[in-house]
1. Express in nm, to one decimal, how much length is gained between Leu47 and Asn128 on full extension, taking 0.36 nm for each residue of separation and deducting their alpha carbon distance.
2. With 5 Å bins from zero, work out the P(r) of the range 22-93 over every alpha carbon pair and list the percent per bin.
3. Quick one: compute a quarter of the convex hull surface over the Cα atoms of the range 113-157 and quote it in nm².
4. Applying 1/(1 + (r/R0)^6) with R0 = 25 Å to the Cβ-Cβ distance of His178 and Asp136, what FRET efficiency is obtained, to the nearest 0.05?
5. Per DSSP helix of 4 or more residues, -39500 (n - 2.57); summed, then divided by the residues of the chain. What does that give at 222 nm, rounded to the nearest 500?
6. Where does each of Ser122, Ser97 land when they are ranked from fewest to most other beta-carbon atoms within 10 angstrom?
7. Take every Cα-Cα pair in the range 137-183 and report what % of them are more than 18 Å apart.
8. Kindly state, to the nearest 0.05, the FRET efficiency for Ile57 paired with Lys171, given R0 = 25 Å and r defined as their beta-carbon distance.
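Computed from the coordinates by the stated procedures, all read-outs in this text should not be read as laboratory data. Model, not experiment: these values are computed from the prediction. Note that each Cβ is placed from the backbone with ideal geometry, even for glycine, and that neighbours are counted across all protein chains shown.
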Amino acid sequence: MNRNARSVVFAGFVVLACSLLVRAEAGEMAPLGFVLGRATQAEVKNLVPPDANLRDIGTNSYSGGPMLKSDGAGSGIDALRWVTYIFDKNELLVAVSMKMDKHRFEQVYGVLKEKYPVIQQSIPFVGNKRVKLGYDDVFVEIDAPHLSFEMGVNYMTQNFYQKYAQALEAKRLEKHHHEKNQF
């Protein structure tokens, strides 16, 4: 891709990302145009483009609500591989997980840091890159593992994250206890 084409793609990404946040108020996040904590499953089903192959993928073990997955077609975001929408028991959107090509890290980070305050960042020259941006009750994490060709861009509410973190800690303790009993 020549330099001019890359500039056009990046400019398109910036315009799309800016336009998607129009519906969000201060302190809110609206990945792909859906406001976390306010958008419903029905809204997502109705507004995701038909060519995105949106499908039900079951119940999320952390939120207890339904999940939908799409291939990201029609999103206007270059190199987006898939999107998972996670809802709570009341069918309100609590998380959006996107997988995309890792070569987009700098561009995506540049756009997001203009919109949200940086909470944490680790961007070594070589190694795993991880950034957390946002507010007290909603945030986005960019996770770009060193030896991967993909990165995750994960938006979530603090409430969802707490449930997720508690479940991971419980699994870690259970594994530790099981391993301890093996000695």
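1. Numbers: separation 81, 0.36 × 81 = 29.16 nm, distance 3.42 nm.
Extending this stretch completely gives an extra 25.7 nm.
2. The distribution over the range 22-93 is 3, 17, 27, 25, 19, 8, 1, given as percents.
3. Details: hull surface 13.1 nm².
Projected over every direction and averaged, the Cα hull of the range 113-157 covers 3.3 nm².
4. Details: r = 36 Å, r/R0 = 1.44.
About 0.10, to the nearest 0.05.
5. The per-residue figure over the chain is -10500 deg cm²/dmol.
6. Placing the least packed residue first, the sequence is Ser122, Ser97.
7. Working: 587 of 1081 pairs.
Summing the P(r) tail past 18 Å for the range 137-183 gives 54 percent.
8. Numbers: r = 21 Å, r/R0 = 0.83.
Working from the Cβ atoms, E equals 0.75.
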